[in-house]
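Inspection log for the structure reproduced underneath, given as structure tokens.
The values are calculated or read from the model by the stated rules, or taken from the named source; none is laboratory data. Given the structure is predicted, the values throughout are model-derived calculations rather than measurements. Glycine gets a Cβ as well: all are built from the backbone with ideal geometry, and neighbour counts include every protein chain shown.
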Amino acid sequence: MARKTEKNKNLNVAVIEMRKELASTIAAHAQSLGENPTAVPGLSLYRRTKPTACFLATYEPSVTVFVQGRKRVNLGGTVYFCDGSSFLLSSIDVPAESQIVEASEQVPLLSMFLRLDMPTVREVISREELPEPETSVQSRGLAVGETTVGMLGACSRLIELLETPEDISFLSHLIKREIVYRILRTPQGERLRAIATTGDLSHRTARAIAWLRANYARPLHMEELATVARMGVSTLHHQFRALTTMSPLQYQKRLRLQTARQRMLMDGIDATSAAYEVGYESVSQFNREYSRVFGLPPIRDIKALRDGKVVPINAA
């Protein structure tokens, strides 16, 4: 018992030191506020220096490793808290509410975002020596876990490639595979495994989600979506809500509204044009649903965004 206690103590010390080291590395490469894209494909580093109000963010298949600060994510009433000991795994494209709750100039929120490549995930899963989870637990498309020594080490080595750009093309893929392996060894990895496994209901539901993202402006016919997912309509409804906390119709509306908001903000188009562009047939319905989701009518909301009264930042 004494040996086990001492071993756990040493492991905890190692994890704390590696978190500090990774925080220092991220801080060195994330000099600007917000997103800091890198030369490593799919890798971005984030620095935030103050709390924010709740904002809508779309999470794609990815892992975000936090080393400082605190963030709150709400997916359909399920709240996830991320701090310096956490990683946030998103196994699907899903819209959620996000809020930075702890960050300052002295102790900024620092995080590393890595987009997950599903072919790479499937490649790692196919390895016979990778143990399968003992149980299969249905859960949401988001999960929060505790970072491990192995995961922190791999993340540090991936960021350190920025010091030797000539090594990125060869080594980054190998390190990303290790990060996927480290995720799959955690309890939260079961959800990623299910999404990536062909034939699994979660994988089929992910196909429907991908189709919706590519065709959000089209009228939604559940029979067509069920055919894409290769399952019955009622089964798809159940699986879709289990992963995203939304029905396919609610998911489509959220995609339409977020896309319209982005087009008005970034490209300067008017609300009427945005409404028709994303698939609405009624501008008044668009205005009602927009106000319900974002809290303000389109014109007032976009003005508030441009005046800096609302922060429409991406998930990180």
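Among the residues of segment 36-61, those that are closer than 19 Å to R115 by Cβ and modelled with pLDDT under 95 comprise A57, T58, Y59, E60, P61.
Conditions (1) surrounded by fewer than 18 Cβ atoms within 10 Å (Cβ to Cβ); (2) under 19 Å from V101 (Cα atoms); (3) within 13 Å of the chain's Cα centre (by Cα), marked per residue:
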position: G42; (1), (2), (3): yes, no, yes
position: K50; (1), (2), (3): yes, yes, no
position: A57; (1), (2), (3): no, yes, yes
position: S62; (1), (2), (3): no, no, yes
position: V67; (1), (2), (3): no, yes, no
position: L75; (1), (2), (3): no, yes, yes
position: G84; (1), (2), (3): no, yes, no
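Residue-level check: of (1) at pLDDT 95 or above; (2) surrounded by fewer than 18 Cβ atoms within 10 Å (Cβ to Cβ); (3) aliphatic (A, V, I, L, M); (4) assigned by TED's automatic domain parsing to the domain that holds R288, M266 misses just (1). Restricting attention to segment 241-257 and to residues that are in contact with a Lys or Arg (Cβ under 8 Å, 6 or more places away or on another chain) and within 14 Å of A210 (Cα to Cα), the residue that is modelled with the highest pLDDT turns out to be L255. Is it true that G232 is out of contact with any Gly (no Cβ under 6 Å at 6 or more places or on another chain) and on the phi > 0 side of the Ramachandran plot? In short, no. The set of residues in segment 181-240 that are in contact with a strand residue (DSSP E or B) (Cβ under 7 Å, 6 or more places away or on another chain), in a loop (DSSP other than H, G, I, E, B) and either within 19 Å of D93 (Cβ to Cβ) or among the basic types (K, R) (or both) contains only Q188. When you look at A229, is it buried (at least 16 other Cβ atoms within 10 Å of the Cβ), in contact (Cβ under 8 Å) with a residue 12 or more places away in the chain and outside the structural domain of P37 (by TED's automatic domain parsing), yes or no? Yes: the conditions hold for A229. The set of residues from segment 147-184 being charged (D, E, K, R) and without any contact (Cβ under 8 Å) to a residue 40 or more places away in the chain comprises R157, E163, E166, D167, E178, R182. Annotation: R230 fulfils all but one of (1) over 30 Å from L296 (Cβ atoms); (2) within 21 Å of the chain's Cα centre (by Cα); (3) of a type in the set (K, R); the unmet one is (2).
Looking at E129, E105, just one residue is more than 29 Å from A214 (Cβ to Cβ), modelled with pLDDT of 90 or more and in a loop (DSSP other than H, G, I, E, B), and that residue is E105.
Out of the strands (runs of 3 or more DSSP E) lying entirely within segment 24-96, which hold 3 or more residues that are over 26 Å from H173 (Cα atoms) and among the charged types (D, E, K, R)?
Because the criterion is at least 3 residues that are over 26 Å from H173 (Cα atoms) and among the charged types (D, E, K, R), the strands (runs of 3 or more DSSP E) in segment 24-96 that meet it are 70-75.
If a residue has to be in contact with a Ser or Thr (Cβ under 9 Å, 6 or more places away or on another chain) and farther than 27 Å from A210 by Cβ to count, how many in segment 71-83 make the cut? Looking only at that region, the number is 1.
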